[in-house]
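The values are calculated or read from the model by the stated rules, or taken from the named source; none is laboratory data. Everything numeric here is computed off the predicted structure, so don't read it as measured data. Quick reminder, even Gly has a Cβ in these numbers, built from the backbone with ideal geometry, and neighbours come from all protein chains shown. Just so you know, the surface numbers come from the protein's heavy atoms only, side chains and all, with ligands and any DNA or RNA stripped out. Shrake-Rupley method; radii C 1.70, N 1.55, O 1.52, S 1.80 Å.
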Amino acid sequence: MALLRLRTAKGPNAAEIERKIKRGNALRQGSSWRGSRGLLALLLVALCACAVTTWLYLASLDSDITETLASRREVISPQPRVYSVQCSEDYENYQRYPGCTPQKCGRAVTDGVVTSEEAQALRRLAERGLALAGSEGGASILDLHSGALSMGKQFVNIYRYFGDQITDVFTEDDFKLYRDVRGRIQAVIAETFGLDPTLMYLTKPTFFSRINSTAAKTQHDEYWHPHIDKETYGSFDYTSLLYLSDYGSDFTGGRFVFMDLNGNRTVEPRAGRVSFFSSGSENLHRVEKVTWGTRYAITVSFTCDPSHAISDPALP
C-alpha cells in the first residue's frame, strides 16, 4: 500500500518527479540509440575494411597468376620462345592431314623473323589502306586477299570500290614484302611444330587490323571477347600475329592474353614481333581493350585443308 501511495501521491514535488522520470527515460532511449549508431558505424567500418582486404587479395592473386610470356622490352631472337601445351580434342572433329594436323601444340614468340624496318613499311601500308575508310568503332580491318575494308558499319571491296585508283595507294613492292613476310612466318611455324611447310596453306581471314579506344558501334568492333580460332573459323589450324606497333609507347592495353585454367599468360606487342600458336581450344585467348593510342597488327592464318586455301594477294 505504501508503494501504491508513492506512485499516486500528489504534492508539490509530484510534477518535478514526473519530469525527471520522463527525462530519465528520454536519456536512456537516446543513449541506447547512440550506442546502436556507434555499433552500426563500427560494423560498416569493418565491412568496408573486409571489402578492401578482399579486393586487394583478389588483385594480388590475379597478379600472381598472370605471367608475361614476352615483354615489350626484351628481344626474343634468333630462336623462338616456345611454350608447349597438350593438344585439345578439337582436331578429331576434322579430317586429319598427316604432316600438318597438329600433333604438337603450343604457342611461341619470336622477334627474329621480321625486322623493325619491315614492320614499319607494313604499318605504312596498313595506314594508307585504312585511311581510305575505316570503322566507326574502335576496330578496323584491311584484307588484301579478299579486298575487304571496314567502312562505317559495313565492309567494301577496295578493288571494286576504288578501281584503278588503288594503284595510287599500294605498290608492287608493298605486295612483294607482304608475300615475303608471310612466307617467313609460315616457315617458322612449320619448323617450330615439326610440320611440312608445303602441306600448310594460307587461309581466310588473313588481314591487317587497326584498333583504338573508340567505343564499339557494331559486333565487329568487339574484338576483346575470349574465343577459340578453330571453333570460330573452322579452317584454322595455326594462327599467327605480326605486330606493327609497340605496347606502352604507341598504345596501352591491347596485350594478347592466353587464358589457361591456372592463369592468364600475356604477350606484349612489339613492332616486328611474331606470336603464333595452334588454333584449338588449348589456346583460348582474347585481346585486351586498347585504352590509348593505336595498335596495328596482321593476323596470318594457316590450314591443313587444301580446300580452304587462299592465294597470296596481287594488285589488279
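Quick check, is A309 surrounded by 22 or more Cβ atoms within 10 Å (Cβ to Cβ) and either among the basic types (K, R) or over 13 Å from D229 (Cα atoms) (or both)?
no
Of the residues S235, S240, S213, S275, which single one is small (G, A, S), under 19 Å from T291 (Cα atoms) and in contact with a Ser or Thr (Cβ under 8 Å, 6 or more places away or on another chain)?
Exactly one residue qualifies, and that residue is S213.
This table checks each residue for (1) at pLDDT 95 or above; (2) in contact with a Cys (Cβ under 7 Å, 6 or more places away or on another chain); (3) open to solvent by 30 Å² or more (accessible area, probe 1.4 Å); (4) aliphatic (A, V, I, L, M).
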{"residue": "A121", "(1), (2), (3), (4)": "yes, no, no, yes"}
{"residue": "R124", "(1), (2), (3), (4)": "yes, no, yes, no"}
{"residue": "A133", "(1), (2), (3), (4)": "no, no, yes, yes"}
{"residue": "L144", "(1), (2), (3), (4)": "yes, no, no, yes"}
{"residue": "Q154", "(1), (2), (3), (4)": "no, no, yes, no"}
{"residue": "Q165", "(1), (2), (3), (4)": "no, no, yes, no"}
{"residue": "D174", "(1), (2), (3), (4)": "yes, no, no, no"}
{"residue": "E191", "(1), (2), (3), (4)": "yes, no, yes, no"}
{"residue": "P197", "(1), (2), (3), (4)": "yes, no, yes, no"}
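Given the condition part of a loop (DSSP other than H, G, I, E, B) and over 17 Å from S275 (Cβ atoms), answer yes or no: does some residue in segment 113-131 qualify?
Yes, there is a match, as at least one residue in segment 113-131 is part of a loop (DSSP other than H, G, I, E, B) and over 17 Å from S275 (Cβ atoms).
So which of A215, A271 ends up being more than 17 Å from the chain's Cα centre (by Cα) and either over 23 Å from A70 (Cα atoms) or not basic (K, R) (or both)?
Exactly one residue qualifies, and that residue is A271.
Where in segment 223-273 are there strands (runs of 3 or more DSSP E), lying fully within it, with 1 or more residues that are open to solvent by 30 Å² or more (accessible area, probe 1.4 Å), charged (D, E, K, R) and at negative phi?
Those strands (runs of 3 or more DSSP E) span 256-260, 263-267.
So which residues in segment 147-171 are under 20 Å from I310 (Cα atoms) and either outside the structural domain of A121 (by the TED database) or part of a strand (DSSP E or B) (or both), if there are any at all?
Listed by number, the residues that qualify are A148, L149, F155, V156, N157.
Counting only residues that are touching a strand residue (DSSP E or B) at 6+ places or on another chain (Cβ under 8 Å) and in a loop (DSSP other than H, G, I, E, B), which one in segment 79-93 is nearest to T232 (Cα to Cα)?
S88
Filter segment 274-293 down to residues that are part of a loop (DSSP other than H, G, I, E, B) and open to solvent by less than 40 Å² (accessible area, probe 1.4 Å), then give me how many there are.
Matching residues across segment 274-293 total 3.
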